[in-house]
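J.: Submitted below is the structure of interest, expressed as C-alpha coordinates.
The values are calculated or read from the model by the stated rules, or taken from the named source; none is laboratory data. Since this is a predicted model, take the numbers as computed values, not measurements. Virtual Cβ from ideal backbone geometry, glycine too; neighbours counted across all protein chains shown.
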Amino acid sequence: MQKNTLLITGGAGFIGSNFIHHLFNKSEFSGKVVNYDNLTYAGNEDNLKEIKEKWHEQRYFFIKGDIGDRQLLKEILSRFKPQAIVNFAAESHVDRSIDAPMVFIDTNIKGTAALLEEALFYWKSLAAMEKDHFRFLHISTDEVFGALAETGLFTESTPYHPNSPYAASKAASDHLLNAWHKTFNLPVLLTNCSNNYGPYQFPEKLIPLMIINCLHEKPLPIYGKGANIRDWLYVDDHCSALWQVLHNGKIGESYNIGGGNEIKNIDIVKDICAIMDGVRPRANGKSYQDLITFVSDRPGHDYRYAIDFAKIKNELGWKPSHSYHSGLEKTIKWYIDNTTWWQAIQEKKYNLERLGVRK
(Lines give C-alpha, C1' and ligand atoms only; values in the text may rest on other atoms or scores of the structure.)
Protein backbone atom coordinates (compact mmCIF):
# COMPACT_ATOMS: atom_id res chain seq x y z
CA MET A 1 0.00 0.00 0.00
CA GLN A 2 2.97 2.35 0.49
CA LYS A 3 3.17 3.42 -3.16
CA ASN A 4 -0.36 2.69 -4.26
CA THR A 5 -3.51 4.72 -4.79
CA LEU A 6 -6.13 4.69 -2.04
CA LEU A 7 -9.74 5.72 -2.49
CA ILE A 8 -10.89 7.29 0.79
CA THR A 9 -14.64 7.79 1.05
CA GLY A 10 -15.77 10.34 3.60
CA GLY A 11 -12.25 11.73 3.74
CA ALA A 12 -13.35 15.29 4.55
CA GLY A 13 -14.94 14.22 7.83
CA PHE A 14 -13.35 13.96 11.25
CA ILE A 15 -11.67 10.54 11.21
CA GLY A 16 -11.29 10.40 7.44
CA SER A 17 -9.39 13.68 7.25
CA ASN A 18 -7.18 12.67 10.18
CA PHE A 19 -6.42 9.41 8.37
CA ILE A 20 -5.37 11.34 5.26
CA HIS A 21 -3.13 13.57 7.39
CA HIS A 22 -1.70 10.41 8.94
CA LEU A 23 -0.90 8.98 5.50
CA PHE A 24 0.88 12.11 4.29
CA ASN A 25 2.83 12.34 7.53
CA LYS A 26 4.11 8.77 7.15
CA SER A 27 7.53 8.58 5.53
CA GLU A 28 6.76 5.14 4.09
CA PHE A 29 3.61 6.28 2.26
CA SER A 30 4.39 7.79 -1.14
CA GLY A 31 1.19 6.89 -2.95
CA LYS A 32 -1.86 8.87 -4.02
CA VAL A 33 -5.10 9.60 -2.18
CA VAL A 34 -8.45 10.13 -3.85
CA ASN A 35 -10.78 11.78 -1.35
CA TYR A 36 -14.42 11.15 -2.29
CA ASP A 37 -16.78 13.08 -0.02
CA ASN A 38 -20.28 14.54 -0.38
CA LEU A 39 -19.47 17.50 1.89
CA THR A 40 -22.57 17.19 4.02
CA TYR A 41 -22.72 19.31 7.19
CA ALA A 42 -19.81 17.40 8.82
CA GLY A 43 -17.59 17.29 5.72
CA ASN A 44 -15.12 20.14 5.53
CA GLU A 45 -12.46 20.73 2.89
CA ASP A 46 -10.67 23.04 5.34
CA ASN A 47 -9.68 19.91 7.29
CA LEU A 48 -7.22 19.15 4.49
CA LYS A 49 -6.26 22.63 3.38
CA GLU A 50 -2.50 22.15 3.79
CA ILE A 51 -2.47 18.83 1.95
CA LYS A 52 -4.52 20.23 -0.90
CA GLU A 53 -2.20 23.24 -1.23
CA LYS A 54 0.89 21.02 -1.39
CA TRP A 55 -0.30 17.95 -3.28
CA HIS A 56 -3.42 18.90 -5.27
CA GLU A 57 -3.68 16.94 -8.54
CA GLN A 58 -0.29 15.34 -7.83
CA ARG A 59 -0.78 12.99 -4.91
CA TYR A 60 -4.08 14.31 -3.56
CA PHE A 61 -7.33 14.43 -5.50
CA PHE A 62 -10.71 15.58 -4.20
CA ILE A 63 -14.00 14.59 -5.81
CA LYS A 64 -17.36 15.67 -4.42
CA GLY A 65 -19.91 12.89 -4.58
CA ASP A 66 -22.28 10.56 -2.78
CA ILE A 67 -21.36 6.91 -2.12
CA GLY A 68 -24.81 6.08 -3.45
CA ASP A 69 -23.92 7.51 -6.88
CA ARG A 70 -22.90 4.31 -8.61
CA GLN A 71 -22.13 5.90 -11.98
CA LEU A 72 -19.70 8.39 -10.46
CA LEU A 73 -18.11 5.64 -8.37
CA LYS A 74 -17.67 3.54 -11.49
CA GLU A 75 -15.94 6.43 -13.26
CA ILE A 76 -13.62 7.12 -10.32
CA LEU A 77 -12.60 3.50 -9.95
CA SER A 78 -11.91 3.25 -13.67
CA ARG A 79 -9.90 6.48 -13.74
CA PHE A 80 -7.76 6.08 -10.61
CA LYS A 81 -7.57 2.29 -10.28
CA PRO A 82 -7.09 2.22 -6.49
CA GLN A 83 -5.48 -0.71 -4.70
CA ALA A 84 -7.73 -0.18 -1.70
CA ILE A 85 -10.96 1.49 -0.70
CA VAL A 86 -11.18 2.83 2.86
CA ASN A 87 -14.78 3.62 3.71
CA PHE A 88 -15.34 6.33 6.32
CA ALA A 89 -18.45 7.71 4.60
CA ALA A 90 -21.30 7.66 7.10
CA GLU A 91 -23.76 9.69 9.07
CA SER A 92 -22.34 9.30 12.54
CA HIS A 93 -24.13 11.21 15.30
CA VAL A 94 -26.64 9.44 17.55
CA ASP A 95 -28.58 12.62 18.33
CA ARG A 96 -29.04 13.43 14.64
CA SER A 97 -30.19 9.86 14.01
CA ILE A 98 -32.98 10.45 16.50
CA ASP A 99 -34.04 13.63 14.71
CA ALA A 100 -33.72 12.28 11.14
CA PRO A 101 -33.25 8.49 11.01
CA MET A 102 -33.99 8.08 7.30
CA VAL A 103 -30.87 10.05 6.37
CA PHE A 104 -28.86 7.38 8.20
CA ILE A 105 -30.68 4.60 6.37
CA ASP A 106 -29.93 6.22 3.01
CA THR A 107 -26.21 6.82 3.59
CA ASN A 108 -25.11 4.07 5.96
CA ILE A 109 -27.13 1.22 4.48
CA LYS A 110 -28.07 2.05 0.89
CA GLY A 111 -24.87 3.99 0.29
CA THR A 112 -22.66 1.22 1.66
CA ALA A 113 -24.47 -1.34 -0.50
CA ALA A 114 -23.89 0.79 -3.62
CA LEU A 115 -20.21 1.21 -2.76
CA LEU A 116 -19.79 -2.52 -2.16
CA GLU A 117 -21.45 -3.38 -5.45
CA GLU A 118 -19.24 -1.04 -7.47
CA ALA A 119 -16.17 -2.23 -5.58
CA LEU A 120 -17.10 -5.81 -6.45
CA PHE A 121 -17.44 -5.07 -10.16
CA TYR A 122 -14.15 -3.18 -10.11
CA TRP A 123 -12.33 -5.94 -8.20
CA LYS A 124 -13.56 -8.59 -10.66
CA SER A 125 -12.11 -6.55 -13.53
CA LEU A 126 -8.59 -6.55 -12.11
CA ALA A 127 -5.78 -8.81 -13.22
CA ALA A 128 -5.03 -11.77 -10.95
CA MET A 129 -2.10 -10.18 -9.08
CA GLU A 130 -4.00 -6.91 -8.60
CA LYS A 131 -7.01 -8.83 -7.30
CA ASP A 132 -4.83 -10.52 -4.70
CA HIS A 133 -3.61 -7.17 -3.36
CA PHE A 134 -6.93 -5.30 -3.36
CA ARG A 135 -8.59 -4.48 -0.01
CA PHE A 136 -11.89 -2.93 1.06
CA LEU A 137 -11.59 -1.55 4.61
CA HIS A 138 -14.84 -0.54 6.30
CA ILE A 139 -14.72 1.62 9.43
CA SER A 140 -17.49 1.03 11.95
CA THR A 141 -18.31 1.62 15.60
CA ASP A 142 -18.57 -0.21 18.91
CA GLU A 143 -22.16 1.06 19.17
CA VAL A 144 -23.30 -1.85 16.99
CA PHE A 145 -22.80 -4.11 20.02
CA GLY A 146 -25.32 -2.27 22.19
CA ALA A 147 -24.77 -1.45 25.85
CA LEU A 148 -22.69 -3.06 28.56
CA ALA A 149 -23.44 -3.26 32.26
CA GLU A 150 -20.83 -2.49 34.93
CA THR A 151 -18.47 -5.25 33.75
CA GLY A 152 -17.43 -6.94 30.53
CA LEU A 153 -15.84 -5.83 27.25
CA PHE A 154 -16.87 -5.87 23.60
CA THR A 155 -14.89 -8.45 21.61
CA GLU A 156 -14.99 -9.26 17.93
CA SER A 157 -17.42 -12.11 18.70
CA THR A 158 -19.88 -10.00 20.75
CA PRO A 159 -23.38 -10.33 19.22
CA TYR A 160 -24.76 -7.20 17.59
CA HIS A 161 -27.50 -5.43 19.55
CA PRO A 162 -27.78 -1.83 18.28
CA ASN A 163 -30.09 0.51 20.17
CA SER A 164 -30.11 3.79 18.22
CA PRO A 165 -31.00 4.45 14.58
CA TYR A 166 -27.33 5.34 14.03
CA ALA A 167 -26.07 2.09 15.58
CA ALA A 168 -28.66 0.03 13.70
CA SER A 169 -27.65 1.58 10.37
CA LYS A 170 -23.96 0.90 11.05
CA ALA A 171 -24.74 -2.66 12.12
CA ALA A 172 -26.56 -3.16 8.82
CA SER A 173 -23.57 -1.81 6.89
CA ASP A 174 -21.28 -4.26 8.74
CA HIS A 175 -23.56 -7.14 7.83
CA LEU A 176 -23.59 -6.05 4.19
CA LEU A 177 -19.80 -6.00 4.18
CA ASN A 178 -19.63 -9.55 5.50
CA ALA A 179 -22.29 -10.69 3.03
CA TRP A 180 -20.33 -9.32 0.06
CA HIS A 181 -17.28 -11.19 1.36
CA LYS A 182 -18.99 -14.50 2.07
CA THR A 183 -21.18 -14.50 -1.04
CA PHE A 184 -18.98 -12.81 -3.62
CA ASN A 185 -15.46 -13.22 -2.10
CA LEU A 186 -14.81 -9.46 -2.03
CA PRO A 187 -11.62 -9.04 0.08
CA VAL A 188 -12.88 -7.00 3.01
CA LEU A 189 -11.62 -5.86 6.41
CA LEU A 190 -13.78 -4.48 9.21
CA THR A 191 -12.89 -2.34 12.22
CA ASN A 192 -15.10 -1.33 15.14
CA CYS A 193 -13.72 1.55 17.18
CA SER A 194 -14.55 3.24 20.46
CA ASN A 195 -15.27 6.97 20.87
CA ASN A 196 -12.71 9.08 19.01
CA TYR A 197 -11.56 12.56 19.96
CA GLY A 198 -8.98 14.97 18.60
CA PRO A 199 -8.50 17.70 15.95
CA TYR A 200 -11.15 18.48 13.33
CA GLN A 201 -14.02 16.83 15.24
CA PHE A 202 -17.36 18.45 14.44
CA PRO A 203 -18.52 20.50 17.47
CA GLU A 204 -21.74 18.52 18.01
CA LYS A 205 -19.71 15.80 19.78
CA LEU A 206 -19.10 15.87 23.54
CA ILE A 207 -15.44 16.88 23.84
CA PRO A 208 -15.28 19.69 21.23
CA LEU A 209 -18.68 20.97 22.35
CA MET A 210 -17.48 21.27 25.94
CA ILE A 211 -14.21 22.95 24.92
CA ILE A 212 -15.94 25.51 22.71
CA ASN A 213 -18.64 26.21 25.29
CA CYS A 214 -15.87 26.83 27.83
CA LEU A 215 -14.26 29.32 25.47
CA HIS A 216 -17.64 31.07 25.13
CA GLU A 217 -18.28 30.70 28.89
CA LYS A 218 -21.60 29.07 28.02
CA PRO A 219 -23.33 26.31 30.06
CA LEU A 220 -21.78 22.83 29.74
CA PRO A 221 -24.81 20.55 29.21
CA ILE A 222 -24.48 16.96 30.45
CA TYR A 223 -27.12 14.33 29.76
CA GLY A 224 -28.77 12.82 32.84
CA LYS A 225 -26.29 12.60 35.68
CA GLY A 226 -23.26 12.18 33.42
CA ALA A 227 -22.84 8.57 34.56
CA ASN A 228 -22.64 7.07 31.05
CA ILE A 229 -19.26 5.48 30.36
CA ARG A 230 -17.32 5.40 27.11
CA ASP A 231 -13.89 4.15 26.04
CA TRP A 232 -11.93 7.06 24.54
CA LEU A 233 -9.46 6.76 21.66
CA TYR A 234 -7.26 9.57 20.39
CA VAL A 235 -7.92 9.86 16.67
CA ASP A 236 -4.30 9.57 15.51
CA ASP A 237 -3.98 6.29 17.42
CA HIS A 238 -7.08 5.11 15.58
CA CYS A 239 -5.46 6.08 12.27
CA SER A 240 -2.29 4.15 13.06
CA ALA A 241 -4.43 1.09 13.84
CA LEU A 242 -6.26 1.42 10.53
CA TRP A 243 -2.94 1.54 8.68
CA GLN A 244 -1.92 -1.69 10.40
CA VAL A 245 -5.20 -3.38 9.51
CA LEU A 246 -4.99 -2.21 5.91
CA HIS A 247 -1.44 -3.56 5.61
CA ASN A 248 -1.50 -6.70 7.69
CA GLY A 249 -5.09 -7.54 8.56
CA LYS A 250 -6.48 -10.93 7.60
CA ILE A 251 -9.10 -10.84 4.86
CA GLY A 252 -12.63 -11.33 6.16
CA GLU A 253 -11.67 -10.52 9.76
CA SER A 254 -12.87 -7.76 12.08
CA TYR A 255 -10.69 -5.87 14.55
CA ASN A 256 -11.79 -3.90 17.59
CA ILE A 257 -9.86 -0.67 18.16
CA GLY A 258 -10.02 0.92 21.59
CA GLY A 259 -8.10 3.32 23.77
CA GLY A 260 -8.35 1.45 27.06
CA ASN A 261 -9.81 4.56 28.68
CA GLU A 262 -13.19 3.99 30.32
CA ILE A 263 -14.41 7.31 31.67
CA LYS A 264 -17.76 8.71 32.79
CA ASN A 265 -19.07 11.68 30.83
CA ILE A 266 -19.12 13.86 33.94
CA ASP A 267 -15.47 13.07 34.63
CA ILE A 268 -14.48 13.97 31.06
CA VAL A 269 -16.17 17.35 31.40
CA LYS A 270 -14.51 17.96 34.77
CA ASP A 271 -11.12 17.06 33.26
CA ILE A 272 -11.70 19.50 30.41
CA CYS A 273 -12.62 22.20 32.93
CA ALA A 274 -9.49 21.51 35.00
CA ILE A 275 -7.21 21.78 31.97
CA MET A 276 -9.00 24.91 30.77
CA ASP A 277 -8.63 26.46 34.23
CA GLY A 278 -4.88 26.12 33.77
CA VAL A 279 -4.42 27.15 30.15
CA ARG A 280 -7.24 29.69 29.72
CA PRO A 281 -8.45 30.92 33.15
CA ARG A 282 -11.79 32.69 33.34
CA ALA A 283 -11.69 36.45 33.85
CA ASN A 284 -13.84 36.17 36.98
CA GLY A 285 -11.40 33.72 38.57
CA LYS A 286 -13.99 30.96 38.89
CA SER A 287 -13.60 27.39 37.61
CA TYR A 288 -15.22 26.29 34.37
CA GLN A 289 -16.86 23.56 36.46
CA ASP A 290 -19.33 26.20 37.61
CA LEU A 291 -20.76 26.12 34.07
CA ILE A 292 -21.76 22.44 34.27
CA THR A 293 -25.50 22.00 33.75
CA PHE A 294 -27.42 18.71 33.86
CA VAL A 295 -30.10 18.30 31.18
CA SER A 296 -32.67 15.62 30.38
CA ASP A 297 -31.08 12.43 29.10
CA ARG A 298 -30.99 11.34 25.47
CA PRO A 299 -33.62 8.76 24.48
CA GLY A 300 -32.22 5.20 24.58
CA HIS A 301 -28.86 6.39 25.91
CA ASP A 302 -26.58 3.32 26.19
CA TYR A 303 -24.98 3.10 29.63
CA ARG A 304 -21.49 1.79 28.93
CA TYR A 305 -19.17 0.86 26.06
CA ALA A 306 -15.76 -0.75 26.55
CA ILE A 307 -13.48 -2.32 23.94
CA ASP A 308 -11.24 -5.36 24.21
CA PHE A 309 -8.51 -4.69 21.63
CA ALA A 310 -6.41 -7.74 22.46
CA LYS A 311 -6.81 -9.16 18.95
CA ILE A 312 -5.25 -6.23 17.09
CA LYS A 313 -2.59 -5.93 19.80
CA ASN A 314 -1.61 -9.61 19.68
CA GLU A 315 -1.96 -10.24 15.94
CA LEU A 316 -0.87 -6.90 14.44
CA GLY A 317 1.26 -5.44 17.22
CA TRP A 318 -0.82 -2.27 17.63
CA LYS A 319 -1.57 -0.39 20.82
CA PRO A 320 -2.43 3.26 21.50
CA SER A 321 0.49 5.61 22.00
CA HIS A 322 -1.44 8.45 23.65
CA SER A 323 -2.75 8.41 27.18
CA TYR A 324 -6.21 9.84 27.75
CA HIS A 325 -4.82 12.94 29.45
CA SER A 326 -2.10 13.63 26.88
CA GLY A 327 -4.64 13.26 24.07
CA LEU A 328 -7.10 15.52 25.85
CA GLU A 329 -4.47 18.21 26.41
CA LYS A 330 -3.50 18.08 22.72
CA THR A 331 -7.14 18.30 21.70
CA ILE A 332 -7.87 21.31 23.90
CA LYS A 333 -4.76 23.09 22.62
CA TRP A 334 -5.83 22.42 19.03
CA TYR A 335 -9.29 23.96 19.51
CA ILE A 336 -7.79 26.98 21.28
CA ASP A 337 -5.26 27.44 18.46
CA ASN A 338 -7.79 26.90 15.65
CA THR A 339 -10.69 29.18 16.55
CA THR A 340 -11.24 30.23 12.94
CA TRP A 341 -11.92 26.59 12.01
CA TRP A 342 -14.77 26.07 14.47
CA GLN A 343 -16.06 29.63 14.29
CA ALA A 344 -16.69 29.12 10.57
CA ILE A 345 -18.73 26.02 11.43
CA GLN A 346 -20.73 27.96 14.01
CA GLU A 347 -21.52 30.66 11.48
CA LYS A 348 -22.55 28.33 8.66
CA LYS A 349 -23.52 24.88 9.95
CA TYR A 350 -24.01 24.37 13.67
CA ASN A 351 -24.37 26.88 16.49
CA LEU A 352 -23.94 24.43 19.38
CA GLU A 353 -27.69 23.84 19.77
CA ARG A 354 -28.99 20.64 21.33
CA LEU A 355 -29.97 17.83 18.97
CA GLY A 356 -31.82 14.53 19.43
CA VAL A 357 -34.98 15.88 21.08
CA ARG A 358 -37.48 14.57 18.55
CA LYS A 359 -40.81 13.73 20.15
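J.: Which of the residues spanning the stretch 302-318 are buried (at least 16 other Cβ atoms within 10 Å of the Cβ) and in a loop (DSSP other than H, G, I, E, B)?
T.: Taking the stretch 302-318 and keeping what is buried (at least 16 other Cβ atoms within 10 Å of the Cβ), we get 302, 304-309, 311-313, 316, 318.
302, 305, 306, 308, 309, 318, listed by residue number.
J.: Give just the number: which of (1) over 30 Å from residue 31 (Cα atoms); (2) aliphatic (A, V, I, L, M); (3) touching a Pro at 6+ places or on another chain (Cβ under 9 Å) does residue 235 not satisfy?
T.: Condition not satisfied by residue 235: (1).
J.: Something else: Under 8 Å between Cβ atoms, which residue pairs at least 6 apart in sequence (or on different chains) link something in the stretch 198-217 that is over 19 Å from residue 233 (Cβ atoms) with a partner that is basic (Lys, Arg) and modelled with pLDDT of 95 or more?
T.: 214/280; 215/280; 217/282
J.: Can you pull out the residues in the stretch 241-257 that are of a type in the set (A, V, I, L, M, F, W, C), over 12 Å from residue 134 (Cα atoms) and assigned to a helix (DSSP H, G or I)? Lay out the reasoning, then the answer.
T.: Initially, the stretch 241-257 is screened for residues of a type in the set (A, V, I, L, M, F, W, C), giving 241-243, 245-246, 251, 257.
Checking which are over 12 Å from residue 134 (Cα atoms) leaves us with 241-243, 245, 257.
Listed by number, the residues that qualify are 241, 242, 243, 245.
J.: Tell me which helices (runs of 4 or more DSSP H) are completely within the stretch 75-145 and hold 3 or more residues being within 23 Å of the chain's Cα centre (by Cα), or say none if there are none. Can you show your working first?
T.: Details: elements: 94-99, 101-104, 112-125, 128-133.
Helices (runs of 4 or more DSSP H) meeting the threshold: 94-99, 101-104, 112-125.
J.: Please go through the stretch 275-294 and pick out each residue that is at pLDDT 95 or above and of a type in the set (A, V, I, L, M, F, W, C).
T.: Hits for the stretch 275-294 are 275, 276, 279, 291, 292, 294.
J.: If you go through the stretch 223-240 one residue at a time, how many are over 15 Å from residue 20 (Cα atoms) and either assigned to a helix (DSSP H, G or I) or free of Cβ contacts under 8 Å to residues at least 24 places away in the same chain (or both)?
T.: Selection size over the stretch 223-240: 0.
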